[in-house]
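Student: I'd like to ask you about the structure that follows.
Since every read-out is calculated from the coordinates, none of them should be taken as a lab result. Predicted, not measured: the structure shown is a model, and the values here were computed from it. A quick note on method: Cβ atoms are made from the backbone with ideal geometry, for glycine too, and the neighbour counts reach across all protein chains shown.
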Amino acid sequence: MKKILLFILVIISVSLSAQTKLITVSDTGTVQGVNFNSINLSQFNNDIGAGGATGPTGSVGATGETGATGPTGVTGITGATGAVGATGPTGIIDSLTNDYQSWTPTFTGFTTAPSGVTARYCVIGKLCICYFYATTVGTSNANTFTVTLPRTAANTVVQYGFCGAVTDNGSNFYGQIRTQVNSNVANIYKQTLGSWTANGNKNAAFTLMYEIQ
């Protein structure tokens, strides 16, 4: 600080043409007048003194706060819809809430089949329950009588059902219905395995419960 003050005083002294002395400041703070014309340059340099050493590099400042998160990017395009999977197998149970359903049976052993038919069934698990009734008899042309059932019978054994009333050539009898293994065709008999007349009228009514595939 003293050296800086000395330098400033030198400049002031030079600018004042009326002054012939240089004002100096000693290390003890004493102000002295010096003849400007007799200033020894080397002595002057010694009085100023060599420049001080460069100070050490300051420490690195603390890391600044993390900036705010940027906005979310635009949502990408939705991918294409995948292919529809294969249709699963048909369930075993046809109806538990819709109860009975109708089916249309076909016959053999007739030139004219029975008509006015009511044929209904339901399936519970692997049990089929069906019944058949026709209000108008058919005309026979064979000593056999077959009817198609709503579902295929199990591949196990022949299953039996009861015919409450059958008509053969104008006469009424009780009868029997039998399934065929692994088939939806059943045979209807007059009485116990009795043959039918191959002419005249022919009809039957039955209820059957049988195991299905």
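Student: Which chymotrypsin sites (Phe, Trp or Tyr not before Pro) in segment 137-213 pass both tests, a DSSP loop state and at most 15 other beta-carbon atoms within 10 Å?
Tutor: Loop-located and lightly packed - none at all.
Student: Within segment 117-207, report the trypsin sites (Lys or Arg not before Pro) that DSSP leaves as loop and that have at most 16 other Cβ atoms within 10 Å.
Tutor: Lys126
Student: Something else about it: Going 7 Å from the Cα of Asn172 toward and past its Cβ, which residues in segment 182-213 have a backbone nitrogen under 12 Å from where you end up?
Tutor: The answer is 205, whose backbone nitrogens lie closer than 12 Å to the label point.
Student: Magnitude of the Cβ-charge dipole of segment 89-213, K/R +1 and D/E -1, about the Cα centre, nearest 20 debye?
Tutor: Once rounded to the nearest 20, the dipole reads 120 debye.
Student: Around Arg151, which amide H atoms from residues at least 5 apart in sequence, or from another chain, sit under 5 Å from its own amide H, with H modelled in the peptide plane?
Tutor: Residues meeting the amide H criterion: none.
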